[in-house]
Amino acid sequence: MRLCILGSGTAIPVADRFPAGYLVTTAHEKVLVDCGPGVLRRLAQAGTSIANLDAVLLTHYHTDHCADVAALLFALRSPHFAGRPPLRLIGAPGLVRLVEKLMEAWPWLQPRGYELQLEEVTPGAFAIGNTQVTAVPIRHTAQSLGYRLTTAAGSVAFSGDADECDELVELARDVDVFVCEAATPDGCKIDGHLTPSLTAAYAARANVRTLVMTHFYPECIGHDLRAQAAAAFAGEIVLAQDLMTVAIGGTAC
C-alpha cells in the first residue's frame with residue numbers, strides 16, 4: 001500500500017506545489033483523493049495513467065480540490081480510454097449538481113466510451129473493491145468529508161481542509177499514515193485551517209504512526225514546521241512535497 005503526494009499546495013499558485021491531490025495504490029485499487037488543478041499532470045509524472053484509476057474521492061468542492069475533475073472527464077472521452085472499467089466519482093451531497101453544472105457549461109464532458117458512476121455519500125462506511133473507506137464529517141465547509149482507507153496491508157486517513165474539530169481524532173485513530181493539512185505556521189492561523197501544532201495534537205490524540213503535513217500556504221516558507229509539530233507529536237513527521245511517495249506504515253522515499 002503506497003501513497004503518492006500529487007499536490008501539497010493550495011489555491012495560491014507557487015512553482016513547486018500544485019493544489020490538493022493524493023494517489024493511494026493498493027494491491028488491487030488505485031484511488032485518487034482530491035483532484036485540484038494540475039493534479040492530472042502530476043499523476044502522469046508519477047507514472048500512473050488515468051486509465052487505471054478506480055475511483056476519485058473528493059473531500060469538498062473548493063476549486064483547489066476538484067477543478068481537474070472537468071479535465072479528467074474530458075480526457076476520458078478520448079478513444080485511448082474507451083472500454084475502461086467504470087470510474088467512480090465520490091463525494092458529499094452536491095456532487096451530482098456540480099457535475100451537472102460542469103456538463104451544462106461544457107457538454108463535451110458527457111461520458112463517451114466508458115461509464116461514469118456518481119456517488120453521493122454521507123458519513124459512514126463503504127467499499128472501493130477490496131479497500132474499505134470510512135467518511136467522517138470535518139469542519140471546513142458544510143459538505144466537507146475526511147476519508148479513511150483501510151486494506152489488509154494498512155490504513156491511511158485524509159483530513160482534506162480542516163479547522164479544529166474532534167472528528168479528526170475519530171478519522172485518524174490508530175492509522176498508519178495521517179495526511180492532514182497544516183496550512184500556516186503557528187501564530188498565523190487562518191479561519192477554516194490548522195497550524196502544525198494543532199495538526200500534531202490531533203495526530204497524538206489519535207495515536208497515528210506517521211503524520212504527513214500538507215496543504216502549505218506560502219506563509220509557511222522559512223518556518224520550521226516540523227519543529228512546531230514535534231512539540232505536540234512524538235511520532236514520525238513528514239512534510240509533504242509534490243511527487244513524494246510514502247509507504248503506508250513506512251517512511252518517505
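Every read-out reported here was derived from the displayed coordinates using simple, explicitly stated rules and does not represent laboratory data. If you're wondering where the values come from, they're calculated on a predicted model, not measured in any experiment. Note that we place each Cβ from the backbone using ideal geometry, even for glycine, and neighbour counts take in every protein chain shown.
Across the options Val136, Met103, Phe178, the greatest Cα extent toward the positive end of the charge dipole of the chain (unit charges at beta carbon of Lys, Arg, Asp, Glu) belongs to Met103.
Mean separation of Cα pairs under 8 Å and 6 or more residues apart, divided by the residue count, gives segment 2-247 a relative contact order of 17 percent. By the beta-carbon count within 10 Å of each Cβ, the least crowded to most crowded order of Ile248, Ile190, fewest first, is Ile190, Ile248.
Simple point charges give the picture: +1 on the Cβ of Lys and Arg, -1 on the Cβ of Asp and Glu, and for segment 73-197 a dipole about the Cα centre of about 680 debye.
Anyone know which of Gly146, Gly129, Gly21 comes out most mobile in the 10 Å Cα GNM of the chain? Sorting by GNM fluctuation, first place goes to Gly129.
Sort Thr63, Thr48, Thr214 so that the residue with the fewest other Cβ atoms within 10 Å of its own Cβ comes first and the one with the most comes last.
Working: Thr63 11, Thr48 17, Thr214 26.
In increasing order of surrounding Cβ atoms, one gets Thr63, Thr48, Thr214.
For Ser155, the residues whose amide H sits under 5 Å from its own are Asp176, Val177, ignoring neighbours fewer than 5 places away on the same chain, with H placed 1.01 Å from N.
Which of the GluC sites (Glu not before Pro) found in segment 55-130 are in a DSSP loop and have at most 12 neighbouring Cβ atoms, other than their own, within 10 Å? Present the calculation step by step, with values, prior to reporting the outcome.
On the way: sites: Glu100, Glu104, Glu115, Glu119, Glu120; in loops: Glu115.
Here the sparse-neighbourhood loop sites are Glu115.
Footprinting exposure proxy ranking of Val39, Val133, Val246, fewest other C-beta atoms within 10 angstrom first, gives Val133, Val246, Val39. Among [x] 21.3; [y] 22.0; [z] 17.9, which is the computed Kirkwood radius over Cα pairs in Å? Label [z] holds the value from this structure. About its Cα centre, the chain has a charge dipole of approximately 660 debye under the convention of +1 per Lys or Arg Cβ and -1 per Asp or Glu Cβ, with nothing else charged. When segment 34-113 is described by a simple charge dipole with +1 on each Lys and Arg Cβ and -1 on each Asp and Glu Cβ, the residue from Leu57, Pro86, Ala70 located farthest towards its positive end is Pro86.
Tell me the trypsin sites (Lys or Arg not before Pro) within segment 185-225 that lie in a loop according to DSSP and have at most 15 other beta-carbon atoms within 10 Å. The partial results should precede the final answer.
Values: sites: Lys189, Arg205, Arg209; in loops: Lys189, Arg209.
Here no loop site has a sparse enough neighbourhood.
Comparing Cα centroids, segment 87-134 and segment 22-82 end up 12 angstrom apart.
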